[in-house]
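A quick write-up on the structure given underneath.
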Amino acid sequence: MATEDAANLNSALFGSDSREGVVGCDTSGVVARVYRRVGDELLTETVEWRPWLAAAARQSFPNAREVRLEGEGYCWHSTFDSTAAFHEAREALRQRQVDVVAPGSLDRQFLMQTGITFFKGMAFDDVRRMQVDIETNTLSSANPDALVLMVAVSDNRGFREAVSGSEAEILLRLNEIMLERDPDVIEGHNIFGFDLPYLAARSQACGVPMTWGRDGSAPRAGSRRNLPFGGITRPFTPVYIQGRNVIDTLFGVQRYDVGRGEFTSHGLKEVAAQLGLSGPDRVYVDRRQMDRLWKDDPGLVRAYALDDVRETGELARIVMPADFFVSQMAPDSYQANACGGTGEKINLLLMREYLRRGHAIPNPSPPRAVAGGYTEVRRTGLIERVVKCDVESLYPSLMLSRGIAPASDTLGVFLPLLKELTARRLEAKVRKNESAGTERATWDGLQASFKILINSFYGYLGASFYFNDPDAAERVTAGGQEIVLRIVSELERTGSAVIEVDTDGVYFQPPESVRTPEEEERYVESISASMPEGIHIAHDGRWKVMLSLRVKNYILVGYEGQRIYRGAALRSRADEPFGHAFIGKAVDLIIGGRTGDIRDLYLGLMKDIDQGRLKVEDFSRRTRVTAKSLEGRSLQRAAGALSSVEQGDYVRLYRRGDGTLALMEDYAGDEDREHLKDKLYKFALRLSPLIGETFEQLCPNPRGRVRKELAGQQSLDLFE
């Protein structure tokens, strides 16, 4: 590779500025403050910059310098003498409905213009990471009796303190801790949704400002926005602290669990337990009894809260490194990268490089539907000896091997970036396997960050980004379908029974001659050898049993007894726990060849429901409060329960006998038992493809209705 090409590629990937140790910035003026961590010392540097925007036509703004960029599209680049002049110009263009490229975040603008990125030359624990968890007597700061009882604080330099006293004393001590410990990152589990808003409200009530910024400023709430993860979004209100990054490990867990589906809950205690982070002496308390516990046994509450911050810190080390290392590349703060979509990161890399080379940002192609991957189920029921193979990075491999790139990428940045990221990921994976301890964790976080970006290149083509290309996206998916069908053909030709095909992977039952893990590996490698150049198939797991229901809905049972549930037709986090328990026990019976015993299980649970023997925790449902649930008939049914919550919050609700909804903590022995019996039937119905023709005999409908009336539904909406 030519020296100039290598330099351009490095700048495109990591930014043109080589500054290391950047942990924060303040871009409120045209002389930005950049905070750099050098060992345990924090240095503050000043960097001049100018806010900017790019338009398709000349604008001639006052107090701005305008330059014509090469190429077509957003080719007129304006830089402003002040942030106020930039905001005034952007607002004027908005009112005139003139479309421009103008990132709303000044941090993002600054980083794109200067080529600076966060955390260059740093490992995850080189930054000062602080964890915060508050204990309160109410769940809502709007409650007239709201009170902060205690705040637990820890950091990754060994500091731990449970701060108590009057609210004013707690807030003042927290200000001191921020000044003394000077964290680069503040972590909390649901810190955006609970801890920071609650502290801000109590700070205002007590008249004690929260001087948490590096300049002594208070935390600032931003505009409500959506957090994207796994094809869905969750509304939240970000909080910004000058010079620092705020990281919500709840969001980190949700993003980490996309594609894994391993966690039954995203709550701190449940995730920590599943990941083995909870120590043998971990303290648990009933959150609903916090006010009484604080009065009766404050020592227990302190231990509980300190366990919370310890687990938060350890959890962050598992779920956040990928976003940390992405921040060494994408021109945005760590906090913004941890809350942003993956396609947007590719967009920022391309935009930064085009602007660095003095080239226009192209107009995006009109969005349109793009054909997806190939999915099919060929066998359902209980199947033994199951193997999965998949194509390693199918879509990126196709783009590289077939030269598929956006037509608007006239500088040829897209594919070299993808190729370099792929090569760096392979190197990082090798280094990870050759190392141990913190070094291994660093390489693992780095390869995961490369993977996040690599897997975003295809989605970028079909989305509404500046360098998108729906035609190129369709060439990728067509190639993917061709490859996966070729794999299916080769598997069947060599004696395998294909179970399910899903975009880039195939579940199959191998030939009788292939039994051991080693034989499976060799077999998959032989299938890989028959594929076109640049396409490699890997062995991606083996299971003793697979219970296949329909596309993307199945249960995998490992040789050590571990289970993986896939698909909402089987399990959803919004389901009532009694339904999860029923499905788990029924699956045990099916696997054990005792399907007929499901009748006793089912009828016994029906009787427990009818006689009120279930606990409220068993039938309360975790529900996110949406706009729909806060209006019209839905709000009428849940008015009492939702009076103190906001849109986007999660609550545990149950349905009362009169059809209204109530919070779990307000339970009064008044559950709608007929509704719960209907729900049990619905849970059983999910397993009907596995049970077969005897389903109605084993699991009779409690209302005597024919099965087809409910067959198309998978859950009863609490707000329906």
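Points worth noting:
- Rolling a 1.4 Å probe across the protein heavy atoms gives the stretch 84-222 an accessible surface of 40 Å² per residue.
- Of the chymotrypsin sites (Phe, Trp or Tyr not before Pro) found in the stretch 105-184, not one falls in a DSSP loop while having at most 11 other beta-carbon atoms within 10 Å.
- Considering only Tyr74, Met150, Leu698, and ranking their Cα positions along the charge dipole of the chain that arises from unit charges at the beta-carbon of Lys, Arg, Asp and Glu, the one farthest toward the positive end is Leu698.
- Its convex hull of Cα atoms gives the stretch 450-535 a direction-averaged projected area, equal to a quarter of the hull surface, of 7.0 nm².
- Fully extended contour minus Cα-Cα distance, from Glu439 to Val551, at 0.36 nm per residue: 36.3 nm
- By the equivalent-ellipsoid construction on the alpha carbon gyration tensor, the stretch 437-589 comes out with semi-axes of 29, 24, 19 Å, ordered largest to smallest.
- Charge dipole of the stretch 135-293 (Cα centre as origin; +1 on each Lys and Arg Cβ, -1 on each Asp and Glu Cβ, all else neutral): 460 debye, rounded to the nearest 20.
- Loop-located trypsin sites (Lys or Arg not before Pro) in the stretch 187-279 (DSSP state other than H, G, I, E, B) with a sparse environment of at most 13 neighbouring Cβ atoms within 10 Å: Arg224, Arg260.
- Under 5 Å from the amide H of Val514 lies no amide H of any residue 5 or more positions distant or on a separate chain, with H modelled from the backbone and absent for Pro and chain starts.
- Whole-number D in µm² s⁻¹ for the stretch 289-372, Kirkwood Cα-pair radius fed into Stokes-Einstein, 25 °C, 0.890 mPa s: 143
- Over the Cα atoms of the stretch 73-179, the radius of gyration divided by the Kirkwood radius equals 1.18; this is the Rg/Rh ratio.
- The loop-placed chymotrypsin sites (Phe, Trp or Tyr not before Pro) in the stretch 371-453, going by DSSP, include none that has at most 14 neighbouring Cβ atoms within 10 Å of its Cβ.
- Extent along the principal axes, Cα only, for the stretch 110-264: 42, 35, 31 Å, with the longest axis given first.
- Globularity ratio of the chain, using Cα Rg and 2.2 N^0.38 Å: 1.04
- In straight-distance terms, cross-link reach from Lys607 covers every one of the lysines whose alpha-carbon lies under 26 Å from its own, apart from those fewer than eight places away in the same chain; here that gives Lys585, Lys615, Lys677, Lys679, Lys682, Lys708.
- Estimated D of the stretch 333-434 in µm² per second, where Rh is the Kirkwood radius over Cα pairs and Stokes-Einstein applies at 25 °C, 0.890 mPa s: 140
- Orientation-averaged projected area, Cα convex hull of the stretch 16-72 (nm²): 5.5
- Simple rule: put +1 on each Lys or Arg Cβ and -1 on each Asp or Glu Cβ in the chain, find the dipole, and look at Asn137, Trp294, Asn347; the Cα lying farthest toward the positive end is Asn347.
- Accessible area of Val30 in the full protein assembly, 1.4 Å probe (Å², nearest 10): 30
- Net dipole in debye of the stretch 37-148 [+1 Lys, Arg Cβ; -1 Asp, Glu Cβ; about Cα centre; nearest 20]: 540
- Computed with a 1.4 Å probe over protein heavy atoms only, the accessible surface of the stretch 392-529 comes to 43 Å² per residue.
- FRET efficiency for the Ala92 to Asn226 pair, using the beta carbon distance and R₀ = 30 Å, is estimated at 0.65.
- In a simple Cβ point-charge model (Lys, Arg +1; Asp, Glu -1; nothing else charged), the chain has a dipole of about 1260 debye relative to its Cα centre.
The values are calculated or read from the model by the stated rules, or taken from the named source; none is laboratory data. Only a predicted model underlies this, so the values are computations on that prediction, with no experimental measurement involved. No Cβ is skipped: glycine too gets one built from the backbone with ideal geometry, and neighbour counts run over all protein chains shown. Only protein heavy atoms, including side chains, enter the accessible area calculation; ligands, DNA and RNA are left aside. Shrake-Rupley method; radii C 1.70, N 1.55, O 1.52, S 1.80 Å.
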